[in-house]
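Below is one structure, written out as structure tokens; the observations come after it.
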Amino acid sequence: MTTAIVKIPSTWMVLLPGNRWVNLAQIADVQLSDTACEAHVTWANGNRDIFLNEQAVYLVEALAESRNAIEDRVSKILVP
């Protein structure tokens, strides 16, 4: 069996509206509110934040883009 190592950045900074920088690599979990435009974030250290409205939308979009980029890296390595 071959071991593949995929380098995932420990810093993946994005700029949200309101001039707020966020490191996506430090997010452990995100829960989206069903009733409001809210993203409830749990950080790797256990702290929590709530992002509202436009910041929540940008955060979710940035997470999706980062996930796609990582999946693309992995798929290039794990080609059968």
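The values are calculated or read from the model by the stated rules, or taken from the named source; none is laboratory data. Because the structure is a prediction, the values reported are computed rather than measured. Virtual Cβ from ideal backbone geometry, glycine too; neighbours counted across all protein chains shown. When the accessible area is computed, the model is the full protein with side chains, heavy atoms only, and any ligands, DNA or RNA have been set aside. Shrake-Rupley method; radii C 1.70, N 1.55, O 1.52, S 1.80 Å.
Key figures for this structure:
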{"item": "Å² per residue, accessible surface of the chain at 1.4 Å", "result": "73"}
{"item": "Rel. contact order, % - alpha carbon contacts under 8 angstrom, at least six apart, the chain", "result": "24"}
{"item": "Theoretical ellipticity at 222 nm over the chain - DSSP helices of four or more residues, -39500 (n - 2.57) apiece, nearest 500", "result": "-11000 deg cm²/dmol"}
{"item": "Using alpha-carbon coordinates, inclination of helix 53-77 to the longest axis of the chain, degrees", "result": "0"}
{"item": "Within the accessible area of the chain (1.4 Å probe), percent carbon and sulfur", "result": "52"}
{"item": "Spin-label model distance (nm) - Val14 vs Trp43, 7 Å beyond Cα toward Cβ", "result": "1.7"}
{"item": "R0 of 41 Å, Cβ-Cβ distance Asn23-Lys76: FRET efficiency to nearest 0.05", "result": "0.95"}
{"item": "Local electrostatic count, Gln55, Cβ distance below 14 Å [Lys/Arg +1, Asp/Glu -1]", "result": "-3"}
{"item": "Listed candidates [x] 1.27; [y] 1.80; [z] 1.00 - label of the one calculated as Cα Rg over 2.2 N^0.38 Å", "result": "[x]"}
{"item": "For Cys37, distant residues with modelled amide H under 5 Å away", "result": "Asn53"}
{"item": "In range of the label at Ser33: residues from segment 43-57 whose backbone nitrogen is under 15 Å from the point 7 Å along Cα→Cβ", "result": "49-57"}
